[in-house]
Amino acid sequence: MRFSGTFIIVVALFITVLITSNIMAVKLIHVATLPGQFMGSNLVFLPAAIVVFPISYIIGDVLTEVYGFRTARGVIWLGFGCNVLVALLLWLGGIIPAEVFWPNQEAYTTILGQFPLILVGSFAAYLVGEFSNSATLSLLKNTTQGRFLWLRTIGSTIVGQGFDSFVFIFIAFGVSGALGPEALFRTALFQWWAKIAYESAATPLTYAVVTYLKNKEKMDVYDAPGSLNPLGVFA
C-alpha cells in the first residue's frame with residue numbers, strides 16, 4: 001500500500017498528541033468540587049493529559065475506519081516505538097551532569113524524567129487501550145455493515161478508554177501508593193467518563209474528517225474478525 005501525504009499528516013498528529021500526553025500525564029489537575037462526597041471525597045482531579053489524550057483515540061478511530069485495522073495497528077506500534085525513544089532520550093538528558101550554575105535539574109527530572117511507574121502505566125495502558133479501541137471499532141463496523149459511525153466511535157471509546165484509564169491510574173498512582181484504593185477508582189472512573197464525553201462531543205468533527213478522508217483516499221476498509229491480531233507491523 002502506498003501512503004498519501006494526508007495519511008502521513010494524520011500519523012504525525014497521532015504521534016505528536018501521544019508523546020505530548022505522556023509528558024503532561026505526570027501532573028494532576030483539579031477539575032471540580034462535588035456538592036457531596038463520592039467514594040470518600042468531593043474532589044475531582046485528573047491527569048493534565050485529559051485535555052489532549054482523547055484526541056489520540058479520535059485519530060485512532062479515523063485511522064481504523066478509513067484505512068483499516070491492519071494499518072492502524074502499524075501506526076499504534078509506531079507510536080509506541082516513538083514514545084519509548086522519547087522517554088529514553090529524555091532519561092539520557094537527565095543523567096548527563098548539569099552545569100553547576102544551572103538550578104533546574106530537579107525540575108527536569110520530575111517532569112521530563114518521569115517516574116518509572118508512570119512510564120510503565122502509560123505504555124501498558126496505551127497498548128491495551130488503543131488495540132481494544134481499534135478492534136472494537138472494526139468489529140462494530142462489520143456488525144453494522146458500515147452504518148452508525150457514531151455507535152462505532154463512542155462504543156470503541158467506552159471499551160478502549162475504559163481499559164486505558166484503569167490500567168494507567170492503577171499502575172502509575174496505585175503501585176507506588178500515591179493514591180489509596182478509593183481515590184484510584186474514583187480518579188480512573190472520572191477520567192473514563194471525561195474521555196467518553198470528549199469523544200461524544202467530538203463526534204460531528206469525526207464524521208467530517210472520516211467523510212473527507214474516505215472521499216480523498218478512495219478507501220473504506222472492512223476487516224475480517226479473524227484478522228484483528230495486535231501483533232505485527234503492517235504485516
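For the range 134-166, a residue qualifies if it is aromatic (Phe, Trp, Tyr) and surrounded by 17 or more Cβ atoms within 10 Å (Cβ to Cβ), and the qualifying residues are 163, 166. You will find that of 111, 8, 19, the residue that is in contact with a helix residue (DSSP H, G or I) (Cβ under 6 Å, 6 or more places away or on another chain) and either part of a loop (DSSP other than H, G, I, E, B) or among the hydrophobic types (A, V, I, L, M, F, W, C) (or both) is 19 and no other.
The condition of being touching a His at 6+ places or on another chain (Cβ under 8 Å) and of a type outside the set (Gly, Ala, Ser) holds for only one of 44, 62, 11, 17, that being 44.
If you check residue 84 against the conditions, is it surrounded by fewer than 15 Cβ atoms within 10 Å (Cβ to Cβ), outside any helix (DSSP H, G or I) and at negative phi? Criteria not met by residue 84. I'd like to know if the range 25-33 contains one or more residues that are touching a residue at least 60 places away in the same chain (Cβ under 8 Å), surrounded by 16 or more Cβ atoms within 10 Å (Cβ to Cβ) and more than 14 Å from the chain's Cα centre (by Cα). Yes, there is a match, as at least one residue in the range 25-33 is touching a residue at least 60 places away in the same chain (Cβ under 8 Å), surrounded by 16 or more Cβ atoms within 10 Å (Cβ to Cβ) and more than 14 Å from the chain's Cα centre (by Cα).
Taken together, the values in this text are just the output of simple stated rules run on the coordinates, not laboratory data. Fair warning: this is a prediction, and the values are worked out from it, not measured in the lab. Counting neighbours? That spans all protein chains shown, and the Cβs are built from the backbone with ideal geometry, glycine included.
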